[in-house]
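Where a number appears in this text, it was derived from the coordinates with a stated rule and is not lab data. Note that this is a predicted model, so its numbers are computed, not measured. Note that each Cβ is placed from the backbone with ideal geometry, even for glycine, and that neighbours are counted across all protein chains shown.
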Amino acid sequence: MTEHIEINKNFKPISLNNRISKFPFSKAAQIKIISYNLSFRGYHIPDPPKLDSANLKKYNENIKKPIVLSNLMENNDNKGVQQSKVLTLTEISELSHILYNTCGKYYFKNRMGNKCFFPRNAILFYDENNQIFAYLDICFECSGIKFFPENISQSIDACEFIYPELKNFFKNKDLMTEYILEK
């Protein structure tokens, strides 16, 4: 949460050509948005039943664990991704506008940090070899974002106003952004 906000009257939106000339857009051959961990409530793992060591090992192997996006990136593996969409040029323009032109409209003072960071959504940037080279890992529950590589955060400012815009973007592309109770 931001304690003090002022309108930046000198803000000039970054043009589409300038937005897509910035890393990671400049290197991307494809951009995909994904949803994952939608049916995983959080990191709490219940206490195991009273079992002998062999059955306890089997129990631990069968416990559902959250997906870690960095593991997907390293393995270029989509296992565990529940929803995904490859973006069109129009959608890339819309996304880049949100990322580069939302927060610049404001001056912020006294920013507070995020708490939970249990991401369920991400923006993946693929190179010409179909390898993920950058991503933004997003938690809409606590309004948190992690950048890989971290230097992306130098050009994309993640203020509190970017999260509702990004959440609407994902939802408008039919991707879920919150925990769903499995039946």
>> Give me the one-decimal nm value for the distance between modelled label points at Ser39 and Asn78, 7 Å along each residue's Cα-to-Cβ direction.
In response: 1.8
> Given 0.36 nm per residue, what is the gain on full extension from Ser15 to Gln131 after removing their alpha carbon distance, in nm?
Replying inline: 39.0 nm
> Under a plain spin-label model, where a point goes 7 Å from the Cα along Cα-to-Cβ, how far apart in nm are Ala54 and Asn172?
Replying inline: 5.8
> For Gln30, which sequence-distant residues (separation of 5 or more, or a different chain) have an amide H within less than 5 Å of its own amide H, given hydrogens modelled in the peptide plane?
Replying inline: Tyr126
